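J.: Take a look at the following structure, please.
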Amino acid sequence: MLDIEGKAKDAGVPRSANVILLGAAQKALGIEYEKLEDAIRRVFGRKGEAIVEANIKALAIGREAQK
């Protein structure tokens, strides 16, 4: 079982647990990783670069967890 809440807190992105889960499910969903990164940039771009980078970091954490 993947403790996404714990991983999010440990990585300093406590509000990005759902993005960690998305990263972990990326292959199973059949979505290219780069497309998810682009979507995060579009969705969170208006909130500032720090928020974008936090969510990109969370996506990467999830991707690593799937290995």
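J.: Estimate the FRET efficiency between Glu37 and Asp3 by the formula 1/(1 + (r/R0)^6), using the beta-carbon distance for r and 30 Å for R0, to the nearest 0.05.
T.: 0.80
J.: Continuing with this model, one more query. Can you list the aspartates and glutamates whose alpha carbon is less than 18 Å from that of Lys47, not counting same-chain residues fewer than 8 positions off?
T.: Glu37, Asp38
J.: Continuing with this model, one more query. Which value in nm describes the separation of the simple spin-label points at Asn18 and Gln66, placed 7 Å from the Cα toward the beta carbon?
T.: 1.9 nm
J.: Could I ask something else about it? If you scale each eigenvalue of the Cα gyration tensor by 5 and take the root, what three semi-axes come out for segment 14-56, rounded to whole angstrom and sorted largest first?
T.: With the √(5λ) rule applied to segment 14-56, the semi-axes are 19, 12, 6 Å.
J.: Helix-only estimate, please: 222 nm mean residue ellipticity of the chain, summing -39500 (n - 2.57) across DSSP H runs of length 4 or more and dividing by its residues, to the nearest 500.
T.: Here the helix-only value at 222 nm equals -23000 deg cm²/dmol.
J.: If you put +1 on each Lys and Arg Cβ and -1 on each Asp and Glu Cβ, how big is the dipole of the chain around its Cα centre, in Debye rounded to 20?
T.: Value, rounded to 20: 140 debye.
J.: Quick check: residue separation of Ala50 and Leu29 times 0.36 nm, minus the Cα distance between them. What number comes out in nm?
T.: 4.9 nm
Every number here is computed from the coordinates shown, using simple stated rules; none is lab data. What you are looking at is a predicted structure, and each value in this text was computed from that prediction instead of being measured. Ideal geometry is used to build each Cβ from the backbone, glycine not excepted, and the neighbour counts take in all protein chains shown.
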